[in-house]
Amino acid sequence: MEGHVMDGTFNENDLSRVVAADKAHVWHHLIQHKPFEENDPRIIVEGKGMRVWDQNGKEFLDAVSGGVWTVNVGYGREDICKAVYNQMMKLCYFAQSAGSIPGALFAEKLIEKMPGMSRVYYNNSGSEANEKAFKMVRQIAHKKYGGKKTKILYRDRDYHGSTLAAMSAGGQDERNAQYGPFAPDFVRVPHCMEYRKHELGLEHLSGREFGIAAANAIEEVILREGPETVGALCLEPVTAGGGVIEAPEGYWERVQEICTQYDILLHIDEVVCGVGRTGTWFGYQHYGIKPDFVTMAKGVASGYAAIAVLVTTEEVFDMFKDDASDPMSYFRDISTFGGCTAGPAAALENMRIIEDEGLLDNCTAMGERMMSNLQALKEKHSVIGDVRGKGLFIGVELVSDRETKEPVNEKLAQQVVADCGAQGVLIGVTNRSIPGKNNTLCFSPALIVTAEDIDAITDAVDKALTKVFG
């Protein structure tokens, strides 16, 4: 609006109807609604840069990029909004059986950032992108392996989406509870979390030796199931909602060897880490691995438009055009909203901003500052058991005993989040993920975050930990 000042001041009368309509009709995500019978839900009204305002005019410093690790370039980016508007006026949609100008240009730009990858398949959500990869794996099993290599391995604590097939590959038991039965031929492999290596019987190992052993545990599952039955391995580069877990040194190198040895396709789920979150364009690029599938969503357009992408190698693509005379040989799939042009138009501008403003470098520098600040808090607060992460994707695990690593009661972790919110800082916590272990505070500020913002976030955490735990 012309001349509008983003200062968090709003007319309460204007919003009372909105709050009433929300309470009466909106079913919010991942939250219990019983308290809303007596209290109002939070409604985020505006955002600018690193900050958002709610219906009461309260200002928050957003350390979770829209709550779920999405708004990588911050709020209020006029250039993205204009790009989306201009494209939608020209052409808002056409099914992806045909192409579009922004779809072609963003695919070209994206592949420039992903050496070894070559083909882009557009979707509308991370869950759907992962499902497309699963479908490709299953079709390849029928086309190339006589229908045998249908099994898809997934990792304990990893998350790949909320549809039934994606949940079948879900390593978070509280997210999955009560939603079965699930699709067959999805098989779990152990997590790679060094802080809880005692759960794997590997407490005698550390560093690279542990990383290799954790990867070898995947091989054990493959041999148990039969390599001839396993088609793909699906992993997050950094486990997100399962506790913000970076694999130890040696892990990824061994994973690549195992996939090559047993002719298993490697699917990397970059829905959270993709497009800058860890300080590189994609999280897997830290580790020198060569995936066959890469999926991405949240940060692709920073939430300015809905877009998700599945990227494959040319070798995978070629498997679906091997016999043009066979009407069943190609990938017989469509995503309706994969044909929306707003997504790639926003994604092009989003990527330009990250490049022009040097946000990958800022992510690395500010991530190091945040890690340093949080490590200092660990020295001060015995309730902090572990600080871990990559770039601006960081977790702080809270424990009641550092020796036994007994998790704090999740209600106490939630109190830390609530107190930070009362201070005007939004942070996250693992939510309905691992039974008895929803005890990790989560941080993922936008890539534009400043040193002053980082210090404000960690200062709020310091005060909240003192208030909740003393």
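The values are calculated or read from the model by the stated rules, or taken from the named source; none is laboratory data. Keep in mind that this is a model prediction, so the values were computed, not measured. With ideal geometry, Cβ positions are generated from the backbone for all residues, glycine too; neighbour counts draw on all protein chains shown. When the accessible area is computed, the model is the full protein with side chains, heavy atoms only, and any ligands, DNA or RNA have been set aside. Shrake-Rupley method; radii C 1.70, N 1.55, O 1.52, S 1.80 Å.
Apply 1/(1 + (r/R0)^6) to the Cβ-Cβ distance of Asp173 and Lys135, taking R0 = 35 Å, and write down the FRET efficiency to the nearest 0.05.
Values: r = 25 Å, r/R0 = 0.71.
Calculated transfer efficiency: 0.90.
Restricting to Cα atoms and excluding each atom paired with itself, what does the Kirkwood estimate give for region 361-470 in Å? Write down the numbers at each step before the final one.
On the way: mean 1/r = 0.0724 Å⁻¹.
Hydrodynamic radius (Kirkwood, Cα pairs) of region 361-470 is 13.8 Å.
Share of the chain's accessible area from carbon and sulfur, percent, 1.4 Å?
52
What are the lysines whose alpha-carbon lies under 24 Å from the alpha-carbon of Lys23, with same-chain residues fewer than 8 places away excluded?
Excluding near neighbours in sequence, the set is Lys34, Lys58.
Using 0.36 nm times the number of residues separating Phe182 and Asp333, minus their current alpha carbon distance, what extension gain do you get? Before the final figure, lay out each step's value.
Numbers: separation 151, 0.36 × 151 = 54.36 nm, distance 2.12 nm.
Stretched out fully, the Phe182 to Asp333 stretch lengthens by 52.2 nm.
Output ³J(HN,Hα) for region 312-317: one whole-Hz value per residue in order, computed from phi by the Karplus curve 6.51 cos²θ - 1.76 cosθ + 1.60 with θ = phi - 60°, and x for Gly and Pro.
3J(HN,Hα) across region 312-317, in whole Hz: 10, 7, 5, 4, 5, 4.
Per residue of region 178-183, what does 6.51 cos²θ - 1.76 cosθ + 1.60 with θ = phi - 60° give for ³J(HN,Hα)? Whole Hz please, x for Gly and Pro, Karplus curve as stated.
Calculated HN-Hα couplings, in order: 6, 10, x, x, 9, 5 Hz.
Starting from the coordinates of the alpha-carbon atoms of the chain, obtain the Kirkwood hydrodynamic radius over all distinct pairs and give the value in Å to one decimal.
Numbers: mean 1/r = 0.0431 Å⁻¹.
Across the chain, the inverse of the average 1/r is 23.2 Å.
Rolling a 1.4 Å sphere over the protein heavy atoms, what is the accessible area per residue of the chain, to the nearest Å²? All intermediate terms of the calculation are to be shown ahead of the outcome.
Details: 20950 Å² over 470 residues.
On a per-residue basis, the chain sits at 45 Å².
Taking all pairs of distinct Cα atoms, average 1/r, flip it, and tell me the Kirkwood hydrodynamic radius of region 353-403 in Å to one decimal place.
For region 353-403, the Kirkwood estimate is 11.9 Å.
Over 16 Å, how big is the tail of the calculated P(r) for region 117-237, in percent of all Cα pairs? Write out the running numbers ahead of the final one.
Working: 4712 of 7260 pairs.
Distances greater than 16 Å cover 65 percent of the Cα pairs.
Express in nm, to one decimal, how much length is gained between Arg119 and Ser97 on full extension, taking 0.36 nm for each residue of separation and deducting their alpha carbon distance. It would help to have the intermediate numbers written out before the result.
Numbers: separation 22, 0.36 × 22 = 7.92 nm, distance 1.46 nm.
Here the answer is 6.5 nm.
Residue-wise, which Karplus ³J(HN,Hα) couplings in Hz belong to region 255-272, taking 6.51 cos²θ - 1.76 cosθ + 1.60, θ = phi - 60°, and x for glycine or proline?
4, 4, 4, 5, 4, 5, 4, 9, 6, 10, 6, 9, 10, 9, 8, 9, 4, 8
Output the relative contact order of the chain, whole-number percent, from Cα pairs under 8 angstrom with separation of 6+ residues.
That works out to 20 percent.
Under a 5 Å amide H to amide H cut-off, with H placed in plane at 1.01 Å, what residues pair with Asp185 once short-range neighbours are removed?
Close amide H contacts, sequence-distant or interchain: none at all.
Can you figure out the FRET efficiency of Lys467 with Val26, using R₀ = 35 Å and their beta-carbon distance, to the nearest 0.05?
On the way: r = 31 Å, r/R0 = 0.90.
According to the calculation, E is roughly 0.65.
Quick check for me: using +1 on Lys/Arg Cβ and -1 on Asp/Glu Cβ, what's the dipole size of the chain about its Cα centre, in debye to the nearest 20?
Numbers: 48 positive and 66 negative charges, 166 e Å.
In total the dipole reaches around 800 debye.
How far apart, in nm, are two points set 7 Å out from the Cα along the Cα-to-Cβ line at Arg352 and at Ala376?
A separation of 3.9 nm, rounded to one decimal place.
Loop-only GluC sites (Glu not before Pro) in region 139-234, please: DSSP not H, G, I, E or B, and at most 12 other Cβ atoms within 10 Å.
Working: sites: Glu174, Glu194, Glu199, Glu203, Glu209, Glu219, Glu220, Glu225, Glu228; in loops: Glu203.
Qualifying residues, ordered by number: Glu203.
What is the distance in Å between the Cα centres of region 64-141 and region 12-58?
Cα centres, region 64-141 to region 12-58: 29 Å.
Taking 2.2 N^0.38 Å as the expected size of a compact globular protein, what ratio does the Cα radius of gyration of region 3-156 give against it, to two decimals? Spell out each step's value before the answer.
On the way: Rg = 21.7 Å, N = 154, 2.2 N^0.38 = 14.9 Å.
My calculation over the Cα atoms of region 3-156 gives 1.45.
Compute the distribution of all C-alpha to C-alpha distances in region 252-377, in bins of 10 Å from 0, and list the percent of pairs in each, rounded to whole numbers.
11, 30, 32, 20, 5, 1, 0
Taking amide H positions as placed 1.01 Å from N in the peptide plane, with prolines and chain starts having none, which residues 5 or more places from His160, or on another chain, fall under 5 Å of its amide H?
Gly171
Toward the positive end of the charge dipole of the chain, about the Cα centre and with charges on Cβ (Lys, Arg +1; Asp, Glu -1), which of Gly428, Gln32, Ala305 goes farthest?
So the residue we want is Gln32.
Efficiency by 1/(1 + (r/R0)^6): what FRET value for Lys82 and Ala422, r their Cβ-Cβ distance, R0 = 30 Å, to the nearest 0.05? Don't skip to the answer; put the middle values down first.
On the way: r = 36 Å, r/R0 = 1.22.
According to the calculation, E is roughly 0.25.
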